[in-house]
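To start, the structure under review is shown below, and the notes come after it.
The values are calculated or read from the model by the stated rules, or taken from the named source; none is laboratory data. The shown structure was predicted, so the numbers you read here are calculated from the model rather than taken from an experiment. Here the Cβ positions follow ideal geometry from the backbone for every residue, glycine too, while neighbour counts run over all protein chains shown.
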Amino acid sequence: MFINNGAVLEINCDIGYKLDGNKWIFCKEETWSSNIGQCLRTCPPIYSTSNMKVTCRHKNQTTENCTDAVDGTLAKFECASYYEDLGLRNMPVHLCHNGLWNQRTPECVPACGQKSVNATSLITEGTTVNHGDYPWQAALYNVENNILICGGSLITARCVTDFKGKIHPRDLYMVAVGKYYRSYNDSRDVNKAQFSSVSIVANKNNKNLYLQEIFIPRQYKGSSQYFVGDIAILVTTKTFTISQRVQPVCVDWKSNYTSELSNLSSNSYGYVTGWGFTSENENPSEELKELKVPLVTYEQCNQNLPEDYEAFLTDDKFCGGYLDQGIGICRGDTGSGLVLKHKGRYYVTGIVSLGSQSPTGGCDSQQYGFYTSVNRYAEEFILEKVSRFKPEDTKMDRQ
């Protein structure tokens, strides 16, 4: 085959390939103007997101985003502040080879269970309480009157664990995170707290009826079944911005640490935070408070419970607290998580459910408190629900 002088050759590659060389070459004096380029197979594109920066390097050229990565391209990943992908610690750079990356694309997710290092300390009744020290603490308010209903724990950027007791699917709720002060509109929380209503889904059979995205275990029947399944998942309409003050708590999704987190011995302590009543006759706390809670065995708890409350110690509950010391959970603390520290991180292990009532009708701080076991519901209930509402991430502007 002969090509006439002056002929122009256009080189195009199939989808999934990139041309390495000139797209146009021409014939001059029986010689091509340059060598014919090669079509090199490309790896799937990877883009930077709001949670992760991707930098690609090939032949001394560096670009953000990997749109046409060919063999030998190196992709470097960096998670944004307060996000992490544990796999990146050992393999922060990936290699494109024969059309495939040698590792899975990282997924930078909010770092969980980490307390703020640079928290500002306050002293409340001799106990040091820190702003931002429990960044997973959530508060649930009634939309109509802005009254605090209960606490909760942020487990993803959109989902909060809570107790079922005072939550009714037809009421309207507002979830707040990053708060330190109890009042809904306390000016001291301005520019620190974030708010979102609980997601609402229209009922297809009745356009005037709205149901919120509140999930409750099937076995929950209230007091008639001694509050078995006293746990709820609330899904917010917005994705919270992860920051120093707003971060999720860890959940042992696959029961990897069940033995450690469920070791209810005299040496085991958890921590509960909330805005509950500081005593039976006083007002609820205006600042977020922390209570160190010793965990007790089933046998020890059952032996010391008032007779009327023995039936409430169901197999999805455990006990914690103090006997005859006037220290314990109270109204306003319900729904908050009890967290245990494991390998430097805090895991939510229980949810404040209920406690004994004093003769005057208030909180009996002389008795143990009941906690719904998170481990009992982690995989089959909590994970199954929250996986439907993975926060959407937005790609950054492509270069």
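Points worth noting:
- Where strands (runs of 3 or more DSSP E) fall entirely within the range 1-118, those with at least 1 residues that are among the charged types (D, E, K, R) are at 8-10, 17-20, 24-28, 38-41, 52-58, 61-64, 74-79.
- Looking only at the range 55-81, residues that are without any contact (Cβ under 8 Å) to a residue 24 or more places away in the chain and touching a Phe, Trp or Tyr at 6+ places or on another chain (Cβ under 9 Å) come to 1 in all.
- Strands (runs of 3 or more DSSP E) wholly inside the range 330-389 containing at least 2 residues that are over 19 Å from the mean Cα position of the chain (by Cα) and modelled with pLDDT under 85: 345-355
- Hey, Cys96 in contact with a strand residue (DSSP E or B) (Cβ under 8 Å, 6 or more places away or on another chain), without any contact (Cβ under 8 Å) to a residue 40 or more places away in the chain and not assigned by TED's automatic domain parsing to the domain that holds Ala157 or not: no
- Boolean, Asp68 is among the acidic types (Asp, Glu), closer than 30 Å to Pro92 by Cβ and buried (at least 16 other Cβ atoms within 10 Å of the Cβ): yes
- Being at pLDDT below 90 and of a type in the set (S, T, N, Q) holds for only one residue in Asn51, Asn65, Asn102, Asn90, and it is Asn90.
- Count - residues of the range 185-240 that are modelled with pLDDT of 85 or more, closer than 23 Å to Arg388 by Cβ and basic (Lys, Arg): 2
- Filter pass, Tyr180 being modelled with pLDDT of 85 or more, touching a His at 6+ places or on another chain (Cβ under 8 Å) and assigned by TED's automatic domain parsing to the domain that holds Gly335: yes
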